[in-house]
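Visitor: Dropping the structure in here first, questions after.
The values are calculated or read from the model by the stated rules, or taken from the named source; none is laboratory data. Quick caveat, the model's predicted, so the values are computed rather than measured. Every residue, glycine as well, gets a Cβ built from its backbone with ideal geometry; the counts of neighbours run over all protein chains shown. Remember, those area values only see protein heavy atoms, side chains included, never the ligands or the DNA or RNA. Shrake-Rupley method; radii C 1.70, N 1.55, O 1.52, S 1.80 Å.
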Amino acid sequence: MVKFYHHDRPFELECGGVLPSLSIAYHTYGTLSAARDNVVWVCHALTANSDVADWWPHTVEPGRFLDPGKWFVVCANILGSPYGSTGPMSVNPATGQPYYGDFPRLTIRDMARAHALLATHLGVDRIHAMVGSSVGGFQAIEWVCEQPERFDKLILIATDAKASPWTIAVDETQRMAIKADHTYGEPRPDAARDGLAAARAIGLLTYRGPEGYNLTQQDPPGSMPAPSAHRPCTYQQYQGEKLCRRYDAYSYVTILDAFDTHDVGRGRGGVDAALARVTANTIVVGISTDIIFTPAEMRTLAAKIPGGAYAEIDSAFGHDGFLVEHDALNNIIHPFINTL
């Protein structure tokens, strides 16, 4: 069941804005030990929520790396999301209406600072392991560089220490699709739904890549579908519509904008100097066909973290392999997270 932490003091944002107060939605699984030494913190990706068992199947189960019988698993919903934490759909106290497009600009660093507030509220001073994949990895890297003494282990999956020009370009293409919808900017939760659907379809191309699509979205042999009725066409349409049922364009743009701010080296002497601060035992997991965060980039990230190890999942499903290859991922992370 979702829980909420309410921070009733102003929260200053890195870009200069201020949130008068803060709400953070979060889930926990398992029981916190008397010594408070069994915490595993999960940082979620772009459009996920705090319910890890919902969006990351076969992880919060007995014998898996998020085994609730052994670990006290925590996941906080990121700022800017429509899933309960403060974001564009929250009420702006200055107007009595949702913020919509007036929500102040966020950074990944703001999200990590919010996680730290929640951890303190929960009485968690030490975290046995932090797991972050994709944008969740951005948050994890940022937090561990800010508070290295808080973490024993760090698991980074398909992520990086800085948003690359390639990933920023992908985000901008999605923003262009959203803002081309003439309803973007209107003060209503369903503004730019068509643009949001198109943006999601664009994003999916990079999440799955050619191998994933060619494996799963072939038309039946010998068929001649009508235009837009090809299996890959209907898949794109369905995925766009599906996101629109659970998300809004303002939250999506807010988080894309925050994604692009990610640079763990900002104010810390550069990326290499920031990563040199990491004291947690770290493993970086790449995915063989990931075109967002390539295996070469993941190996470089691991090499820059003191003592960092690298492992790779062989998958046809691109970046989304971390959501699909449950057994392969567990075979890497379970022994890592369970060793002293």
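Visitor: Return the residues of region 208-224 that are exposed (fewer than 13 other Cβ atoms within 10 Å of the Cβ) and not hydroxyl-bearing (Ser, Thr, Tyr); say none if nothing qualifies.
Guide: Going through region 208-224, the residues exposed (fewer than 13 other Cβ atoms within 10 Å of the Cβ) turn out to be 210, 214-215, 218, 220-224.
Across region 208-224, the qualifying residues are Pro210, Asn214, Leu215, Gln218, Pro220, Pro221, Gly222, Met224.
Visitor: Inspect all residues belonging to region 140-151 and state whether any of them is outside any helix (DSSP H, G or I) and surrounded by fewer than 22 Cβ atoms within 10 Å (Cβ to Cβ). Steps first, answer last, please.
Guide: Kept after step one, since they are outside any helix (DSSP H, G or I), are these residues of region 140-151: 147, 151.
This time we only want the ones that are surrounded by fewer than 22 Cβ atoms within 10 Å (Cβ to Cβ), so: 147.
Yes, some residue in region 140-151 is outside any helix (DSSP H, G or I) and surrounded by fewer than 22 Cβ atoms within 10 Å (Cβ to Cβ).
Visitor: Hey, can you tell me all the residues within region 289-329 that are free of Cβ contacts under 8 Å to residues at least 40 places away in the same chain and closer than 19 Å to Gln217 by Cβ?
Guide: Ser315, Val324, Glu325
Visitor: Among Phe103, Phe72, which is of a type in the set (A, V, I, L, M, F, W, C), under 15 Å from Leu256 (Cα atoms) and open to solvent by 10 Å² or more (accessible area, probe 1.4 Å)? Give the steps one after another, and end with the answer.
Guide: Values: Phe72 fails: under 15 Å from Leu256 (Cα atoms).
The match here is Phe103.
Visitor: Being over 14 Å from Ala45 (Cβ atoms) and open to solvent by 20 Å² or more (accessible area, probe 1.4 Å) is the filter here, so list the residues in region 152-163 that pass it.
Guide: Asp152, Lys162
Visitor: Could we say that Ala249 is open to solvent by less than 20 Å² (accessible area, probe 1.4 Å), more than 16 Å from Asp160 (Cβ to Cβ) and out of contact with any strand residue (DSSP E or B) (no Cβ under 6 Å at 6 or more places or on another chain) here? Walk me through how you get there before you give the answer.
Guide: Numbers: open to solvent by less than 20 Å² (accessible area, probe 1.4 Å): yes; more than 16 Å from Asp160 (Cβ to Cβ): yes; out of contact with any strand residue (DSSP E or B) (no Cβ under 6 Å at 6 or more places or on another chain): yes.
Yes; evaluated as a whole, the condition is true for this residue.
Visitor: In region 254-284, what count of residues is obtained for those that are open to solvent by 10 Å² or more (accessible area, probe 1.4 Å), under 14 Å from Asp171 (Cα atoms) and either modelled with pLDDT under 95 or part of a helix (DSSP H, G or I) (or both)?
Guide: 4
Visitor: Picking from Ala48, Ala53, which residue would you name as being open to solvent by 30 Å² or more (accessible area, probe 1.4 Å), touching a Ser or Thr at 6+ places or on another chain (Cβ under 9 Å), outside any strand (DSSP E or B) and more than 18 Å from His128 (Cα to Cα)?
Guide: Numbers: Ala48 fails: open to solvent by 30 Å² or more (accessible area, probe 1.4 Å).
Just a single option satisfies the conditions, and that option is Ala53.
Visitor: Just checking, which of Asp181, Asp171 is touching an Asp or Glu at 6+ places or on another chain (Cβ under 7 Å), outside any helix (DSSP H, G or I), open to solvent by less than 30 Å² (accessible area, probe 1.4 Å) and among the charged types (D, E, K, R)? Show your work before the answer.
Guide: Numbers: Asp171 fails: outside any helix (DSSP H, G or I).
Going through Asp181, Asp171 in turn, just one is touching an Asp or Glu at 6+ places or on another chain (Cβ under 7 Å), outside any helix (DSSP H, G or I), open to solvent by less than 30 Å² (accessible area, probe 1.4 Å) and among the charged types (D, E, K, R): Asp181.
Visitor: Scan region 81-94 and give yes if some residue there is within 24 Å of Ala161 (Cα to Cα) and either assigned to a helix (DSSP H, G or I) or under 20 Å from the mean Cα position of the chain (by Cα) (or both), otherwise no. Please lay out each step first, then the result.
Guide: Step one: list which residues in region 81-94 are within 24 Å of Ala161 (Cα to Cα), which gives 81.
From the residues that got through so far, the ones that are either assigned to a helix (DSSP H, G or I) or under 20 Å from the mean Cα position of the chain (by Cα) (or both) too are 81.
There is at least one residue in region 81-94 that is within 24 Å of Ala161 (Cα to Cα) and either assigned to a helix (DSSP H, G or I) or under 20 Å from the mean Cα position of the chain (by Cα) (or both).
Visitor: Residue pairs, Cβ under 8 Å, 6 or more apart or interchain, first in region 32-50 and farther than 30 Å from Arg200 by Cβ, second aromatic (Phe, Trp, Tyr) and in a loop (DSSP other than H, G, I, E, B). List them.
Guide: Partner pairs satisfying both residue conditions: Asn38/Trp71; Val39/Trp71.
Visitor: While we're on this one: I'd like to check something: does region 97-110 contain any residue that is aliphatic (A, V, I, L, M) and within 19 Å of Gly17 (Cβ to Cβ)? Explain how you work it out, then say what you get.
Guide: First, pick out the residues of region 97-110 that are aliphatic (A, V, I, L, M): 106, 108.
Okay, now just the ones that are also within 19 Å of Gly17 (Cβ to Cβ), so 106, 108.
Within region 97-110 (the criterion being aliphatic (A, V, I, L, M) and within 19 Å of Gly17 (Cβ to Cβ)), the answer is yes, since at least one residue qualifies.
Visitor: Please specify each residue of region 285-328 satisfying the condition of being among the hydroxyl-bearing types (Ser, Thr, Tyr) and not in a strand (DSSP E or B). Talk me through it step by step, then tell me what you get.
Guide: The initial filter retains those residues of region 285-328 that are among the hydroxyl-bearing types (Ser, Thr, Tyr), namely 288-289, 294, 300, 310, 315.
The answer is Ser288, Thr289, Thr294, Thr300, Ser315.
Visitor: Taking region 31-41 as the search range and keeping residues that are small (Gly, Ala, Ser) and open to solvent by 40 Å² or more (accessible area, probe 1.4 Å), which one is nearest to His128 (Cα to Cα)? Give the derivation first.
Guide: At the first step, the residues of region 31-41 found to be small (Gly, Ala, Ser) are 33-35.
With open to solvent by 40 Å² or more (accessible area, probe 1.4 Å) added as a condition, the list becomes 34-35.
Numbers: Ala34: 14, Ala35: 12 Å.
By that ranking, first place goes to Ala35.
Visitor: Limited to region 236-252, what total is found for residues that are under 20 Å from Asp171 (Cβ atoms) and either aromatic (Phe, Trp, Tyr) or in contact with a helix residue (DSSP H, G or I) (Cβ under 6 Å, 6 or more places away or on another chain) (or both)?
Guide: Total meeting the criteria: 9.
Visitor: Quick one: is Leu22 touching a strand residue (DSSP E or B) at 6+ places or on another chain (Cβ under 8 Å), open to solvent by 40 Å² or more (accessible area, probe 1.4 Å) and either among the hydrophobic types (A, V, I, L, M, F, W, C) or within 19 Å of Gln139 (Cβ to Cβ) (or both)?
Guide: Numbers: touching a strand residue (DSSP E or B) at 6+ places or on another chain (Cβ under 8 Å): yes; open to solvent by 40 Å² or more (accessible area, probe 1.4 Å): no; either among the hydrophobic types (A, V, I, L, M, F, W, C) or within 19 Å of Gln139 (Cβ to Cβ) (or both): yes.
Against the criterion (touching a strand residue (DSSP E or B) at 6+ places or on another chain (Cβ under 8 Å), open to solvent by 40 Å² or more (accessible area, probe 1.4 Å) and either among the hydrophobic types (A, V, I, L, M, F, W, C) or within 19 Å of Gln139 (Cβ to Cβ) (or both)), Leu22 does not qualify.
Visitor: Does Val60 qualify as being in a strand (DSSP E or B) and under 18 Å from the mean Cα position of the chain (by Cα)?
Guide: Working: in a strand (DSSP E or B): no; under 18 Å from the mean Cα position of the chain (by Cα): yes.
The answer is no for Val60.
Visitor: To continue, here is another question. Condition first: in contact (Cβ under 8 Å) with a residue 40 or more places away in the chain, among the hydroxyl-bearing types (Ser, Thr, Tyr) and farther than 30 Å from Ala180 by Cβ. Now tell me which residues in region 243-288 satisfy that.
Guide: Within region 243-288, Thr279, Thr282 meet the criteria.
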